[in-house]
């Protein structure tokens with residue numbers, strides 16, 4: 001992967017695992033429109049690169065992301081008063097929609113403070129892991145606004161309605177231990193063990209799995225999670241298993257198992273997604289909605 005010039009994030013790839021680091025440590029990685037655009041661009045890059053099999057998102061410095069950059073003062077959230085900001089779509093939501101469409105698994109390695117958009121941006125990521133010094137907060141009610149980044153959809157699916165309401169009503173800061181107890185994070189680690197643990201988990205996704213199968217599985221599980229009837233899942237499963245069953249990946253998967261050797265899957269996400277797969281694009285967004 002060639003080098004890419006970013007100003008608010010850093011993107012690296014090592015042996016199939018991409019790491020995106022929020023990189024404004026002097027501002028505790030506060031989120032701004034440039035970071036939003038660069039994160040979206042980074043996920044365009046990781047989706048297009050067949051060498052990338054999983055993505056880790058973490059922060060540089062002592063914070064993951066301390067929320068929105070408040071340097072604009074009282075007009076921070078008044079999008080009509082801010083040049084270069086889409087008044088009809090919140091920036092965190094634009095990022096969430098891009099994360100939702102990702103074809104690669106995403107792991108959040110929460111290394112420190114994660115409040116406001118710093119926590120809502122994690123919700124469309126597949127798995128969240130935290131340092132034991134991480135802090136979380138859905139602080140919107142304390143700033144006179146409401147949860148954003150499509151978190152009213154994602155948060156209840158992660159932790160249930162009652163916990164989501166409690167956290168959002170109070171706006172209080174809570175610990176990694178509470179996040180673990182209530183299901184927001186998968187595991188809690190000592191600070192110096194967090195990133196290696198995230199890499200080890202990413203390796204489980206990247207090694208000995210078919211990348212097209214993983215890409216399809218991510219989209220199938222996320223989108224069928226809210227299907228109204230299991231027949232919807234049955235329809236998409238039937239198309240998917242038929243397409244995959246005819247693939248070189250399926251032949252290699254069975255042959256490698258029978259021959260007791262590591263699999264070498266030939267298919268690539270960039271070229272071999274099945275024709276019926278229509279989930280890669282985002283439905284048009286009408287600004288008048």
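The values are calculated or read from the model by the stated rules, or taken from the named source; none is laboratory data. Computed from a prediction, not measured in an experiment: that's the story for all the values here. Cβ atoms come from the backbone with ideal geometry, glycine included; neighbour counts cover every protein chain shown.
Odds and ends about this structure:
- Members of segment 1-36 found to be more than 15 Å from the chain's Cα centre (by Cα) and assigned to a helix (DSSP H, G or I), listed by number: 25, 26, 27, 33, 34
- Filter result (in contact (Cβ under 8 Å) with a residue 12 or more places away in the chain and part of a loop (DSSP other than H, G, I, E, B)) within segment 229-251: 247
- Filtered residues of segment 190-228 (kept if outside any helix (DSSP H, G or I) and either closer than 19 Å to residue 104 by Cα or modelled with pLDDT under 95 (or both)): 207, 208, 209, 210, 225, 226, 227, 228
- Residue count, segment 97-119 (criterion: under 22 Å from residue 173 (Cα atoms) and not in a strand (DSSP E or B)): 6
- The listed residue being touching a residue at least 40 places away in the same chain (Cβ under 8 Å), buried (at least 18 other Cβ atoms within 10 Å of the Cβ) and outside the structural domain of residue 152 (by TED's automatic domain parsing), out of 268, 223, 218: 218
- The listed residue being at pLDDT 95 or above, outside any helix (DSSP H, G or I) and out of contact with any strand residue (DSSP E or B) (no Cβ under 8 Å at 6 or more places or on another chain), out of 123, 155, 165: 123
- All of (1) touching a helix residue (DSSP H, G or I) at 6+ places or on another chain (Cβ under 9 Å); (2) exposed (fewer than 15 other Cβ atoms within 10 Å of the Cβ); (3) without any contact (Cβ under 8 Å) to a residue 24 or more places away in the chain hold for residue 163 with one exception: (2).
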